[in-house]
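**Student:** One structure follows; several queries about it will come next.
The values are calculated or read from the model by the stated rules, or taken from the named source; none is laboratory data. Just so it is clear, the model here is predicted, and its values are computed rather than measured. No Cβ is skipped: glycine too gets one built from the backbone with ideal geometry, and neighbour counts run over all protein chains shown. Ligands, DNA and RNA are stripped out before the accessible areas are found, and what is left, the full protein with its side chains, is counted by its heavy atoms. Shrake-Rupley method; radii C 1.70, N 1.55, O 1.52, S 1.80 Å.
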Amino acid sequence: MTRDTPDTLGKGDVVSNESLANLLKEERRFAPPAELAANANVTAEAYERAKADRLGFWAEQARRLSWETEPTETLDWSNPPFAKWFKDGRLNVAHNCVDRHVEAGLGDRVAIHFEGEPGDTRAITYADLQREVSRAANALIELGVRTGDRVAIYMPMIPETVVAMLACARIGAPHSLVFGGFSSDALAARIQDADARVVITADGGYRRGKPSALKPAVDEALTQPGTENVRNVLVVRRTGEETAWTEGRDVWWHELVDRQSEEHTPQAFEAEHPLFILYTSGTTGKPKGILHTSGGYLTQTAYTHHAVFDLKPETDVYWCTADVGWVTGHSYIVYGPLANGATQVIYEGTPDTPHKGRWWEIVEKYKVTILYTAPTAIRTCMKWGDDIPAKFDLSSLRVLGSVGEPINPEAWIWYRHNIGGDRTPVVDTWWQTETGAMMISPLPGVTEAKPGSAQVPLPGIAATVVDDEANEVPDGSGGYLVLTEPWPSMLRTIWGDDQRYLDTYWSRFQDRYFAGDGAKKDGDGDIWLLGRVDDVMLVSGHNISTTEVESALVSHPKVAEAAVVGATDPQTTQAICAFVILRGNAAEDEGLVEELRGHVAKHLGPIAKPKRILPVDELPKTRSGKIMRRLLRDVAENRDLGDVTTLTDSTVMTLIQSKLPGAASSED
Ligand code: ATP
Ligand code: MG
């Protein structure tokens, strides 16, 4: 039985047209700054060129790299969906990211400005990086690592992590980074799945003003069955804390790496040689080991980093705040920027240590020009208040990027205004671990930006939105996001499980890659991401997107962040439950919940009105900043929690559960 009249939401649509129109009602558009447009790396002509000859376009982008043997064949798609890009080409990824810049006379250019959380700093030039990567490669060889062996890397955000990745790439040993915030169980599962031979770790790193140990989790993981093939653990000394030691297995980085020769001649591998395995962040289920290879991956990460951020390597200072342990760190801290010879900032710690202005202090100090971060971080800064970034000189910034979740228009506008001084374009980049590189994004010198929309597939990328029957939906309707042509940085398979690769991505819609995300095309054909289809709620026969309800909640001046789930409900199939974090100055007073319910109803129509709204202090997030809605669904349905191993802080769930009984009182 329905209590509300479904007057605005279209039946059967993944989301309603009406609600999108609501989101767009202010019609705010932001043209590219004239100066940026006039000097942009990529102009509108790129779309035309790529459309006329997609493979020719990618062949041209591959020439950004230095190949030992130039590829003659761009794409082999004879056995779809198993792609081979540039298959007869040979290159060394580390040579492309390091040595060739030194050979070009850029050895003195700073590659990494490292800022430790305690305030220690290091400037690492490309020449330094070449020496370090060569030493580390020689050290791995001394440990018996051979081309093709897998190396697990479980590290804090320090330069040695980048060095370790590049050393693996240099000798053709695929790396598997496991995010430093993961538990020993999550680490053990990933070591087993990839059958790693060596683990590279550190005694610990600094987080929130304190040393936080890492090595104990490695020791614990290596007691678990299936990890016996790990011969050595290479340990960087970062914190200097007391560290347990297994003689014969454990080796200090400073003892082994520092005594190696700084000469190492990189050998070229074929373009399809595996570069890394990376497990997806696990927001929707058991993590999948996504396999990426060399030539196509490096081509697309380099091209997109150049195009989407308009990178000018001579003058820009780039900063991506992601952790290197998730895909954004792989593609846009390590491989894309270094292939382009960029100068970048790497920061070890949390944004609020020792004070909530730390990020903005770093932007001011290094005169950062391009900043790439996640909506969740932006919303956290909104919660902390506008006065914090206002204390710093952020005038060096010229391009801002967003990735990881749909960015709601409110946060987009806040970011552009408070961080970008109303000058900078904001590029909302949609992509996944599986896609390896950006796929849908505005171009800062070309696209008239719409807050909250990723807008258009990049040149050379083909994406669209389809309905249940795989028919392309007309402009103004919603459905499922699919990629209709292979792309260079696509995943090649799920490690050790080709069948799961086929089932997960290629079986829902024939011959098309199904991303798992809901999306909508607006009247101009621009794409709006609407969250994962698993998160779409079914309320009284209507599909409602969690993203839209969250966006409506965040558009209320008292709300900084919201997470919405559909909980099983006897009357309406699912009932909308919202968890909200209030802004710094907002009080949790009597009428608040009713006020918020009314606000959503006004924006999206009465059917989208949450049945329950629960103000909370924190939301369960992965360390990559994504809200784990499936855990909130467990809470809302009074179930035991599912897998929490990829959560940043599992106490958050206890706190939320303890507040739950109060939520029921807001039902009408
Ligand atoms: P799992 O696949 O294990 O559930 P995950 O999907 O969170 O984990 P990632 O590959 O890091 O792992 O995230 C990709 C997803 O993040 C996309 O499928 C999409 O849902 C979301 N996403 C990333 N960028 C954007 C964006 N700009 N706009 C909207 N959604 C985005
Ligand atoms: Mg995913």
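**Student:** Amide H of Val456 versus every other amide H placed in the peptide plane: which residues, excluding those fewer than 5 positions away on the same chain, fall under 5 Å?
**Tutor:** When sequence neighbours closer than 5 places are left aside, the close amide H contacts are Ser441, Ile527.
**Student:** Which listed residue (Gln130, Gln192, Thr328) has the Cα farthest towards the positive end of the charge dipole for the chain, taking +1 on Lys and Arg C-beta and -1 on Asp and Glu C-beta about the Cα centre?
**Tutor:** Looking along the dipole axis, the top candidate is Gln130.
**Student:** With θ taken as phi - 60° and the coefficients 6.51, -1.76 and 1.60, list the Karplus ³J(HN,Hα) couplings across the range 443-454 in order, rounded to whole Hz; mark glycine and proline as x.
**Tutor:** Values, residue by residue: 9, x, x, 10, 7, 6, 7, 10, x, x, 10, 7 Hz.
**Student:** So how strong a dipole does the range 512-668 carry about its Cα centre when Lys and Arg Cβ are +1 and Asp and Glu Cβ are -1, to the nearest 20 debye?
**Tutor:** Values: 19 positive and 24 negative charges, 68 e Å.
Result for the range 512-668 is approximately 320 debye, rounded to the nearest 20.
**Student:** Moving on. Pop out the carbon and sulfur fraction of the accessible area of the range 537-665 as a percent, whole number, probe 1.4 Å.
**Tutor:** Values: 2400 of 4740 Å².
Exposed carbon and sulfur together represent 51 percent of the surface.
**Student:** When only Cα pairs under 8 Å and 6 or more residues apart are kept, what is the percent relative contact order across the range 319-401?
**Tutor:** 33 percent
**Student:** Relative contact order of the chain, please, whole-number percent, based on alpha carbon pairs below 8 angstrom and at least 6 residues apart. Before the final figure, lay out the partial values.
**Tutor:** Working: 1494 pairs, mean separation 101.2, N = 668.
So the answer I get is 15 percent.
**Student:** Quick one: grab Rg to one decimal and Dmax as a whole number for the chain, Cα atoms only, in Å.
**Tutor:** Answer for the chain, Rg first and Dmax second: 24.1, 75 Å.
**Student:** Then there's this: For the chain, with only Lys/Arg (+1) and Asp/Glu (-1) charged at the beta-carbon, what is the dipole magnitude about the Cα centre, in debye rounded to 20? Walk me through the numbers before you get to the answer.
**Tutor:** Values: 68 positive and 95 negative charges, 71 e Å.
Rounded to the nearest 20 debye, it is 340 debye.
**Student:** Quick one: Cα centre-to-centre distance for the range 35-60 and the range 122-180, in angstrom?
**Tutor:** Measuring centre to centre over Cα atoms gives 34 Å.
**Student:** Under the rule of -39500 (n - 2.57) per DSSP H run of 4 or more residues, summed and divided by the residues of the chain, what mean residue ellipticity at 222 nm is obtained, to the nearest 500 deg cm²/dmol? Each step should come with its number before you reach the end.
**Tutor:** Working: 20 runs with 171 residues, N = 668.
So the calculated ellipticity at 222 nm is -7000 deg cm²/dmol.
**Student:** Longer than 21 Å from Cα to Cα, which of Lys367/Lys391; Lys51/Lys450; Lys356/Lys621 are they? Say none if no pair is. Kindly include the intermediate steps, with their values, before the conclusion.
**Tutor:** Values: Lys367/Lys391 15 Å; Lys51/Lys450 23 Å; Lys356/Lys621 19 Å.
Exceeds cut-off: Lys51/Lys450.
**Student:** Just want the answer: with Cβ charges of +1 for Lys and Arg and -1 for Asp and Glu, which residue in Thr380, Val251, Leu538 is farthest toward the dipole's positive end in the chain?
**Tutor:** Value: Val251.
**Student:** Can you find, among Pro225, Gly479, Val162, the residue sitting farthest towards the positive end of the charge dipole of the chain, where Lys and Arg contribute +1 and Asp and Glu -1 at Cβ?
**Tutor:** Final value for the positive-end residue is Val162.
**Student:** So if I take the centroid of the Cα atoms in the range 198-235 and the same for the range 352-413, what is the distance between those two points in Å?
**Tutor:** With the range 198-235 and the range 352-413 each reduced to a Cα centre, they are spaced 32 Å.
**Student:** Hey, another quick one. Enter the accessible area per residue of the range 537-665 (Å², integer; probe 1.4 Å; all protein chains in place).
**Tutor:** So the range 537-665 comes to 37 Å² accessible per residue, rounded to a whole number.
**Student:** Among the lysines, which have Cα under 20 Å from the Cα of Lys602 when same-chain residues fewer than 8 positions away are ignored?
**Tutor:** Lys11, Lys25, Lys558, Lys611
**Student:** Hey, what angle do you get for helix 126-142 against the long axis of the chain, alpha-carbon based, 0 to 90 degrees rounded to 10?
**Tutor:** Once rounded, one gets 70 degrees.
**Student:** Just to confirm my numbers, what's the Cα centroid distance between the range 517-560 and the range 63-77 in Å?
**Tutor:** 40 Å
**Student:** To continue, here is another question. Run the 1.4 Å probe and let me know the accessible area of Ser212, rounded to the nearest 10 Å².
**Tutor:** Spelled out: Ser212, probe radius 1.4 Å, area about 50 Å².
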